[in-house]
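What follows is a single structure, written as structure tokens, with notes after it.
What follows is calculated from the coordinates using simple rules that are stated; it is not laboratory data. The structure presented is a predicted model; accordingly, all values stated were derived computationally and were not measured. Positions of Cβ are generated from backbone atoms using ideal geometry, with glycine treated the same way; all protein chains shown enter the neighbour counts.
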């Protein structure tokens, strides 16, 4: 089991989740879960980026199967079971006669002894919830809760915390742009020679490495638009190897004909940009 690979995937997934790229984050979390399916924290974080209540339920049930004492998963699953009974009927009807699991009994006991007034989500006033932001204490429902390495938080606290890490200045952007463009041009030339088939496998790796190089070249500083700069560099870096020589030789007719667009490895560009964005946002 490659724990280093798992941690790398989790880092990319969390970066994508912080940036609001739930689809990208979900893909990275699922890849990590496929490598190490016995880690409940991976399934818990995956539940925070999937949008289907049915998928959230499956992830949370997996968490409790691995760690029945997880209170966050228990509370979130209790909310889903209470608010989506029709979904539960479809999912649990074949096993309706199965004995109660320990986590189900714990949820029922918690509901029986809870004497407080109902608490409703601050963002969705009609949605009852038992979750709260572990930073400001605001009531939040699983739909708007953001799972962080330190627990569930509201979107406002996540945004406030994220802004603290944006410390890159103009000089850092200049360094990032230069590093990204040089590396993207070299890789773009190689990908032009290899073709789109190899780009399917090497594109994400190349994009991730370019994003990592930019991150290290700027002293590990983050910028709100750093991902956009890297994405632009990847596009330009893929085009330059194709039109560079014609431009230097004065063949403007070739450049203006746009026939060179067919020679650009757009498969690499697409996969590379996705990986670079996931690393820098």
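For this structure, a couple of remarks:
- FRET efficiency for residue 257 and residue 228, using Cβ-Cβ distance with R0 set to 25 Å, rounded to 0.05: 0.30
- Whole-Å distance, taken between Cα centres, linking segment 186-265 and segment 8-76: 33
- Efficiency of FRET between residue 266 and residue 119 - r from beta-carbon atoms, R0 41 angstrom, step 0.05: 0.25
- The calculated FRET efficiency for the pair residue 54 and residue 126, based on their C-beta separation and a Förster distance of 25 Å, comes to about 0.75.
- Ratio of the Cα radius of gyration of segment 1-67 to 2.2 N^0.38 Å, where N counts its residues: 1.01
- Label-point separation in nm, residue 235 to residue 186, each point 7 Å along Cα→Cβ: 2.4
- Once the chain from residue 69 to residue 205 is taken as fully extended at 0.36 nm per residue, the excess over their C-alpha distance is 45.2 nm.
- Tensor-based shape of segment 170-280 (alpha-carbon gyration tensor, a/c under 1.5 rounded, otherwise prolate or oblate): oblate
- If the segment from residue 22 to residue 34 were pulled out straight at 0.36 nm per residue, it would be longer than the present Cα-Cα gap by 2.5 nm.
- Mean separation of Cα contacts under 8 Å, 6 or more apart, over the residue count of segment 170-280: relative contact order %: 45
- Label-point separation in nm, residue 198 to residue 41, each point 7 Å along Cα→Cβ: 3.8
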